[in-house]
1. If amide H atoms are built 1.01 Å from N in the plane of the peptide, which residues on other chains or at least 5 residues away come under 5 Å of the amide H of residue C:76?
2. Report the local net charge at residue C:139: Lys and Arg +1, Asp and Glu -1, summed over other residues whose C-beta lies under 13 Å from its C-beta.
3. Summing Lys, Arg as +1 and Asp, Glu as -1, what charge do residues with Cβ under 13 Å from the Cβ of residue A:31 carry, residue A:31 excluded?
4. On a C-alpha basis, how far is the centre of the range C:109-139 from the centre of the range B:29-65 in Å? Whole number, if you could?
5. Non-local amide H neighbours of residue C:135 (under 5 Å, H modeled in plane, Pro and chain starts lacking H): which ones?
6. Give the angle, between 0 and 90 degrees and rounded to the nearest 10, that separates the Cα long axis of helix B:104-113 from the longest principal axis of the Cα atoms of chain B.
7. Eigenvalues of the Cα gyration tensor times 5, then square-rooted: what semi-axes does that give for the range B:30-110, in whole angstrom, largest first?
8. At 1.002 mPa s and 20 °C, plugging the Kirkwood radius over alpha-carbon pairs of the protein assembly as shown into Stokes-Einstein gives what diffusion coefficient in µm²/s?
Amino acid sequence: MSVRLQAAGKFLCIEAFIERMERMTEHTIKTTSSDEMINITSLVRQDVKKAGITSGTAVVFVPHTTAGVTINENADPDVVYDLLSIFRRVYPESGSYRHMEGNSHAHAKASVVGSSCTVIIENGQLQLGTWQDIYFCEFDGPRTRKVYVKTIGG
Amino acid sequence: MSVRLQAAGKFLCIEAFIERMERMTEHTIKTTSSDEMINITSLVRQDVKKAGITSGTAVVFVPHTTAGVTINENADPDVVYDLLSIFRRVYPESGSYRHMEGNSHAHAKASVVGSSCTVIIENGQLQLGTWQDIYFCEFDGPRTRKVYVKTIGG
Amino acid sequence: MSVRLQAAGKFLCIEAFIERMERMTEHTIKTTSSDEMINITSLVRQDVKKAGITSGTAVVFVPHTTAGVTINENADPDVVYDLLSIFRRVYPESGSYRHMEGNSHAHAKASVVGSSCTVIIENGQLQLGTWQDIYFCEFDGPRTRKVYVKTIGG
């Protein structure tokens, strides 16, 4: 937060401290399949730790239109397998689409899972459930992708 | 917001006040059906009031992978009935799933409606539309569930 | 952020400045079709600029239960055409619905794309990807609709 105080002296230490509390980091992710879910929770945890935030939120944002981010089970990899399979059935690659690139199904999946997720931070920790992790969702790979993480707090 | 000022005296009142502005509460919800939508708006409204926030946001987060949260119509209960019915058709319980627990359909619904929603707070009030309320979505019940509400503001 | 300091003098300039950092604006959108996606990115960009925020988030919230908001491709209008077509196939207008208004399909679409999206602000700019724009999604028009934009930062 950039509280630009016009006053001098002790006030300036407030500015500097609040500034440190909010930051955005950018991560690069290389996907290897046409559709794939990659666990990025450890990346987000590192960002929260580096930002030194004890209470606030972390916004994970995917700046792509054929990829997204979702929170789902971290224990059994068959859940991810089933999710991708279910999305393939509901949003098939082939269809009477106009978009010539042939990836309209991927655009639909991106809007359905969403391009961001928000996780609460308390006591310096992401407040995820026991079985929850954060997944980058590739729907039109393989590609080199970006993920932004913005930690907001104080 | 924990602005830990190193300065003493009057500065400390700022710290205390800002601290009060952000808080997370945890609610327990007992569901009674395999799938069900439970109106939790009054819980969120109470949290906003207790936090004393006049302007900010409320993040409602569900720490489960077979449940979610969504905002939809509060007037006619038939809308909730139809929504659950529509999701059952699009994401049927039976399918060629790998996950042995038999609840892959519920994991898919959770990712589709999402694990969180963000509502704006202005003048101390949630800025929901006339027909909008916030619903906890059970997709694999009955279970005892948690909902986190984080109010952020000032 | 309304940090109401009880102390006098120089402290009050902090209050005023932080207050300016957070604001909500309300926009009116007239839709012309039963389903339609309207690019509202320029509205959100204006709000961010007016708020004078350099680092933070913008929350775009739709206070309706048969409309939503999503982020998707801005280059080829065929993507929007295909998305609306795909949603019509997955959530058809006709079905064995209970809700007498005949728009249960629109309520389902609203919950699937979601009633809000959060975009990161850095260096005073929305951190959208090259091909991303923010779309108001009408699913039961034509109607006069509202969109709220809340900029949070500092």
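No lab work stands behind these numbers, since they all come straight from the coordinates. Worth saying up front: this structure is predicted, and the values here are computed from it rather than measured. Please note: Cβ atoms are built from the backbone with ideal geometry, for glycine as well, and neighbour counts cover all protein chains shown.
1. For residue C:76, no residues qualify.
2. Working: positive: C:88, C:109, C:143, C:145; negative: B:73, C:35, C:36, C:93, C:101, C:138, C:140.
Taking every Cβ under 13 Å from that of residue C:139, the sum is -3.
3. 0
4. Measuring centre to centre over Cα atoms gives 23 Å.
5. C:40, C:70, C:71, C:72
6. Taking the Cα atoms of chain B, the angle to B:104-113 is about 40 degrees.
7. Each semi-axis is the square root of five times an eigenvalue, giving 30, 16, 10 Å.
8. 96 µm²/s
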